[in-house]
Amino acid sequence: MNVLVTGGTGYIGSHTVVELLAGGHTATIIDNLSNSSELVVDRIEQITGKQPNLHIFDLQDKNKLAEVFKKESFDAVIHFAGLKAVGESTQKPLAYYRTNIDSSLSLLEVMEEYGIPTLIFSSSATVYGSAPIPYSETSVVGQGITNPYGQTKYMIEQIIRDVGAANAALQFTILRYFNPVGAHPSGLIGEDPKGIPNNLMPYLSQVASGKRKVLSIYGSDYKTIDGTAARDYIHVVDLAKGHIAALMNKHTGTETYNLGSGKSTTVLELVNAFSEGTGQAVSYELAERRAGDLPEYYADAKKAEKELDWKTNKTIADICKDTWNWQSRNPNGYSS
Ligand code: NAD
Ligand code: UFG
């Protein structure tokens, strides 16, 4: 298939482009490089022997978007592009609503104009908010979302469902990711956060590499097995493969799938697994809970296994090994 990948030079997008090219598909990326590097396409070529086309512009520029659709004939679109920092979204809510919603609307309009029926959208477990765990696709969504970023995901999901319901020829898939971590085993692509990482795994690996002094573990009095918060960590290569499985699945209307492992791992368990698996000490301190964090959540991942024939294969040990391989080979990310 000929696939347009928005945000394809980003963390999850780049791993998905690798899986697309490795699977014999072709990929065209649109990315404004606001949170990624142009070097990613060379790294993708080193892994796959093929280079994806890259168009550098903002997805909100509907005219440029239409030009790309006019030139190329896409079979499907995978839509990763957007702003994703939870904390920043509470500081700059307008930027989040404008960028994430506007670019999704432009994309859907141009897809409609050019008759492209298939869309896969990156949503997040964050839409489940305060629903009981494990989160299943039938759980209530939209209650207790604690930040504007999460609200944009919830709102875009609704837009997608409404557009999908208006035309029986459309095939839309909403994928709700749990916590994506890890890197490609080659060590050539991985997560490259700008500035001080907000998320656990990049922070932890930067402490291990000596770039940061100590990891603060936010909260040690949760009702979990060791008091630290628990999440469902999913290796980014498993996650990327989930997109290929979704692409191959034929259905009408809009389907929603959780992409997670179905297993819950605490912060302390992850830190210990990292130290044991890599031999790198991770210095940490117990700190106050982080505002807006939930104690624990994980996926009910049965629907994706049943309908997409997809499940995670990689372990927490693989996650730690591949994260460290990426971090130690690229201590400063793509600018190393
Ligand atoms: P990322 O920031 O690495 O990738 C997003 C890419 O989109 C970047 O390359 C960025 O430059 C580009 N981009 C942003 N705004 C754009 C715009 N207006 N026009 C064109 N390009 C633009 O993030 P990621 O971790 O790869 O996440 C991909 C998607 O998955 C996002 O939609 C994110 O919200 C979603 N998601 C991520 C996580 C996670 O923890 N990483 C969890 C759940 C959902
Ligand atoms: N944590 C620490 N120290 C840190 C960073 C994080 O203890 O330096 C803790 C957090 O408090 C939380 C856990 O590690 O308990 C995981 O935190 P992350 O920031 O890595 O991930 P979140 O679960 O908060 O959220 C991530 C993405 C969201 C996405 C969600 C989907 O950041 O965009 O996963 O499940 F919506």
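Once you divide the Cα radius of gyration of the range 181-280 by 2.2 N^0.38 Å, the number left is 1.28. As a ratio to 2.2 N^0.38 Å, the alpha-carbon radius of gyration for the range 44-186 is 1.13. The convex hull defined by the C-alpha atoms of the chain has an orientation-averaged projected area of 15.5 nm². The convex hull defined by the C-alpha atoms of the range 1-74 has an orientation-averaged projected area of 4.4 nm².
With neighbour counts taken as other beta-carbon atoms within 10 Å, the residues Leu108, Leu294 rank, fewest first, as Leu294, Leu108. Considered as an equivalent ellipsoid built on the Cα gyration tensor, the range 157-202 has semi-axes of 34, 14, 9 Å, the largest given first.
Extents of the range 266-306, largest first, come to 40, 30, 9 Å (Cα atoms, principal axes, whole angstrom). Give me the net charge for the shell around Val163: Cβ to Cβ below 12 angstrom, other residues only, Lys and Arg +1, Asp and Glu -1. It works out to a net charge of -3. For chymotrypsin sites (Phe, Trp or Tyr not before Pro), no site in the range 79-184 is both called loop by DSSP and has at most 10 other Cβ atoms within 10 Å. Counting beta carbons within 10 Å around each of Lys311, Lys250 and listing the fewest first gives the order Lys250, Lys311. Taking the inverse of the mean 1/r over every pair of distinct Cα atoms in the range 50-131 gives a Kirkwood hydrodynamic radius of 14.3 Å.
Pairwise Cα distances in the range 119-237 exceed 21 Å for 54 percent of all pairs. With Rh defined as the Kirkwood radius, the inverse of the mean 1/r over Cα pairs, the Rg/Rh of the range 37-93 is 1.05.
Translational diffusion coefficient, Stokes-Einstein: compute it for the range 243-336 using the Kirkwood radius over C-alpha pairs as Rh, at 10 °C and 1.306 mPa s, and state it as an integer in µm² s⁻¹. It comes out at roughly 97 µm²/s.
Only the coordinates and a few stated rules stand behind these numbers; no lab work does. Everything quoted here is computed from the prediction, not taken from an experiment. Because the Cβ atoms are built from the backbone with ideal geometry, glycine has one as well, and the counts that use them run over all protein chains shown.
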